[in-house]
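Data first, discussion second: the structure below is written as structure tokens.
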Amino acid sequence: MSAFELTSEAPSSGPAQPTPLERAFYARDTLEIARDLLGCRLVVECDGERLVGRITETEGYLGFADTACHSSHGRTPRTEVMFGPPGYAYVYLIYGIHDMLNLVVGPEDDPCAVLIRAIEPLEGEASMIAHRRGKKGRELANGPGKLTQALGITKARFNRHDVCLGEGLWVEPGERFDDADVVTGPRIGIDYAEPEHRDAPWRFLVKRRK
């Protein structure tokens, strides 16, 4: 269990106030953060509306020591944000189609990140469905490209964004899942990585609820 305590204030009757996770949350071990993000609320301000999803799946990427990590090849214009302070968004485009949301973690110059792979809708579900052109249920946001489309997250808008500000895009404390409710396993879509990294159990997934 993580030593980092997540706290969340009780909801009030007024408008929701941003309560972003502090930078200290992101300045820790990559795999601890990937685990601790499960149950947290991913929040996006989109067209004047607050869209919120509970994080249910993540993957940790461990910088220089991980051949599946973009930054393992060195500092480039694309990966520059990963070498900076923790608590920033690293958003990249895959296949020229799908935006992928990562959160930079760990100390500066140790370029690690956590990929957000899936969410469950909590607020603004109708808008998410519209963004996904009618997709709903499990298909709404059960993949990294699906959730960014549902929430309106794009590289153009959010790459290098400070997620600790509580503006535009941020993460708030939420539900803490017991270890018995969490599954770990190999990450997805990293066939190019060395076997020890390709097979490492650095993917964290909340068991599907009945």
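The values are calculated or read from the model by the stated rules, or taken from the named source; none is laboratory data. A quick note: this is a predicted structure, and the numbers were derived from the prediction, not measured. Neighbour counts are summed over all protein chains in view; Cβ atoms, including those assigned to glycine, are modelled from backbone coordinates with ideal geometry.
List of remarks:
- Sole residue being among the small types (Gly, Ala, Ser), modelled with pLDDT of 95 or more and surrounded by 16 or more Cβ atoms within 10 Å (Cβ to Cβ), chosen from Gly39, Gly84: Gly39
- Candidates Ala156, Ala200, Ala130, Ala126, filtered to the one that is more than 15 Å from the chain's Cα centre (by Cα) and closer than 18 Å to Tyr90 by Cα: Ala156
- The lone exception for Thr19 - which of (1) at pLDDT 95 or above; (2) touching a Pro at 6+ places or on another chain (Cβ under 8 Å) it fails: (1)
- Taking residues in the range 18-46 that are touching a residue at least 40 places away in the same chain (Cβ under 8 Å), and partners anywhere that are surrounded by fewer than 21 Cβ atoms within 10 Å (Cβ to Cβ) and aromatic (Phe, Trp, Tyr), the pairs with Cβ atoms closer than 6 Å and at least 6 places apart or on different chains are Leu38/Phe177; Gly39/Phe177.
- When Ile116 is tested against the conditions (1) over 13 Å from Gly53 (Cβ atoms); (2) part of a strand (DSSP E or B), the lone failure is (1).
- For the range 59-81, the criterion of being more than 28 Å from Arg176 (Cα to Cα), of a type in the set (Ser, Thr, Tyr) and surrounded by 24 or more Cβ atoms within 10 Å (Cβ to Cβ) is met by at least one residue.
- Some residue of the range 49-72 being modelled with pLDDT of 95 or more, closer than 30 Å to Pro195 by Cα and among the basic types (Lys, Arg): no
- Count of residues meeting criterion [touching a strand residue (DSSP E or B) at 6+ places or on another chain (Cβ under 8 Å) and at pLDDT below 95] in the range 94-127: 1
- In the range 94-112, the residue that is surrounded by the fewest Cβ atoms within 10 Å (Cβ to Cβ) out of those that are touching a helix residue (DSSP H, G or I) at 6+ places or on another chain (Cβ under 6 Å) and not in a loop (DSSP other than H, G, I, E, B) is His98.
- Of the listed requirements (1) crowded, with 19+ Cβ neighbours inside 10 Å; (2) in a helix (DSSP H, G or I); (3) more than 15 Å from the chain's Cα centre (by Cα), Ile33 misses just one: (3).
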